[in-house]
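Asker: One structure, as structure tokens, below. Some questions next.
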Amino acid sequence: MTRYGFIAAAVLAAGLLAAGTVQAAELRIGVVNLQEVIADSKAGQQANQDLQAIVKKLQDQANDKNTKLNVLKQQLDKADPKSGDYAKLQKSYDDSRNDLQQFVLMGRQDLNQRRQELLQPIEGELGKVIDQYAKAHHYDFILSRDAGGAIYANTKYDVTKGVTAALDKDWPQYLKQLQQQQKKSAAPAAKTSG
């Protein structure tokens, strides 16, 4: 069980104990699959499309570098090891191979960073949406299926689709606020640089 699982279990147990004389049937508990919400939401789908475009661009560049490497390898294989050009070809091949390896490594790092940049605002807004959803639908607890908060939950407690719909409804407003904040922060910068 993860750290979040222990925390969620402790919170649930504390809530049940605090309820004291309240009957368990009066507690409203929901379970949400956060990964599914992100994957199925419009924001998550857009982030996935953006990531796929980045992956394709990186893959095309890596394929181009690999093709050039293969051409150098073929030239190297055909060259006479005793010729003066062989050392130059070997260096070009080694440099090209190192360049490809470095490109792949940096590409992975860039992709991971970009994934974080795309998912961070969605995850942040999702926390607010779940809070609003719980209050609007009078839930006492909403547990995360994927953070170890619920090892098993009957499907009647699953609120994933409702949370996804709430995120989809909320996301355009969030983007609008974000754009307004970016315009406000860009305006003073433009004044000071001019």
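Asker: Go through region 61-100 and give me each residue that's part of a helix (DSSP H, G or I) and among the hydrophobic types (A, V, I, L, M, F, W, C).
Answerer: ALA62, LEU69, VAL71, LEU72, LEU76, ALA87, LEU89, LEU100
Asker: Need the failing condition index for LYS56 against (1) out of contact with any Leu (no Cβ under 6 Å at 6 or more places or on another chain); (2) within 23 Å of LYS169 (Cα to Cα), just the number.
Answerer: Going through the list (1) out of contact with any Leu (no Cβ under 6 Å at 6 or more places or on another chain); (2) within 23 Å of LYS169 (Cα to Cα), LYS56 breaks only (2).
Asker: Across region 27-45, what is the number of residues that are out of contact with any strand residue (DSSP E or B) (no Cβ under 9 Å at 6 or more places or on another chain), assigned to a helix (DSSP H, G or I) and of a type outside the set (Asp, Glu)?
Answerer: The number of residues fulfilling the criteria is 8.
Asker: Sticking with this structure for a sec: So is GLN120 out of contact with any strand residue (DSSP E or B) (no Cβ under 6 Å at 6 or more places or on another chain), surrounded by 13 or more Cβ atoms within 10 Å (Cβ to Cβ), modelled with pLDDT under 95 and assigned to a helix (DSSP H, G or I) or not?
Answerer: It is false that GLN120 is out of contact with any strand residue (DSSP E or B) (no Cβ under 6 Å at 6 or more places or on another chain), surrounded by 13 or more Cβ atoms within 10 Å (Cβ to Cβ), modelled with pLDDT under 95 and assigned to a helix (DSSP H, G or I).
Asker: In region 139-174, which residues are touching a Lys or Arg at 6+ places or on another chain (Cβ under 7 Å) and closer than 14 Å to VAL37 by Cβ?
Answerer: Within region 139-174, ASP168, TRP171 qualify.
Asker: Let me ask something else about it. How many residues does region 122-161 contain that are over 23 Å from the mean Cα position of the chain (by Cα) and polar (S, T, N, Q)?
Answerer: 2
Asker: Determine, yes or no, whether LEU167 is assigned to a helix (DSSP H, G or I), at pLDDT below 95, surrounded by 12 or more Cβ atoms within 10 Å (Cβ to Cβ) and not basic (Lys, Arg).
Answerer: yes
Asker: Something else: Does ALA186 qualify as being out of contact with any helix residue (DSSP H, G or I) (no Cβ under 6 Å at 6 or more places or on another chain) and small (Gly, Ala, Ser)?
Answerer: Considered against the rule, which asks whether it is out of contact with any helix residue (DSSP H, G or I) (no Cβ under 6 Å at 6 or more places or on another chain) and small (Gly, Ala, Ser), ALA186 comes out as yes.
Asker: Let me ask something else. Only one residue in ASP146, ASP131 is surrounded by fewer than 18 Cβ atoms within 10 Å (Cβ to Cβ), out of contact with any strand residue (DSSP E or B) (no Cβ under 8 Å at 6 or more places or on another chain), among the acidic types (Asp, Glu) and not in a loop (DSSP other than H, G, I, E, B), so which one is that?
Answerer: ASP131
Asker: Going by what's in this entry, would LEU69 be described as more than 23 Å from the chain's Cα centre (by Cα) and either modelled with pLDDT under 90 or closer than 26 Å to LEU178 by Cβ (or both)?
Answerer: No: the conditions fail for LEU69.
Asker: Could you list, in sequence order, all residues of region 70-89 that are surrounded by 10 or more Cβ atoms within 10 Å (Cβ to Cβ) and in contact with a Phe, Trp or Tyr (Cβ under 7 Å, 6 or more places away or on another chain)?
Answerer: LEU72, LYS73, LEU76, ALA79
The values are calculated or read from the model by the stated rules, or taken from the named source; none is laboratory data. None of these values were measured; they are calculated from a predicted model. A quick note on method: Cβ atoms are made from the backbone with ideal geometry, for glycine too, and the neighbour counts reach across all protein chains shown.
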